[in-house]
Amino acid sequence: MPIYEYICLKCDNKFALLQSLYPAENNAECPKCSSRKVKKVISTFSLGTDSGNSASPMPASGFSGGG
Ligand SMILES: [Zn+2]
């Protein structure tokens, strides 16, 4: 079961919830202040790999036009 992390916009409390088969339903609630104003955050797992960088500074014109 996928675990989604949420952050409360009220008390900045970060908590994780187990989403059921219906992840579309945003019924997340802050266990601290019972606020519904929470935002889903993307869990960033540190895999320790640098392969597949989407935003990498690619040299536009550097390898072309060799003199
Ligand atoms: Zn809260």
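Bear in mind these aren't lab numbers, they're just calculated from the coordinates by the rules spelled out. What you see is a predicted model; the values in this text were computed from it and never measured. Counting neighbours? That spans all protein chains shown, and the Cβs are built from the backbone with ideal geometry, glycine included.
For this structure, a couple of remarks:
- Taking label points 7 Å from Cα along the Cα-to-Cβ direction, Cys33 and Ile3 give a separation of 2.4 nm.
- Long-range amide H partners of Ser35 with built H, under 5 Å: Cys30
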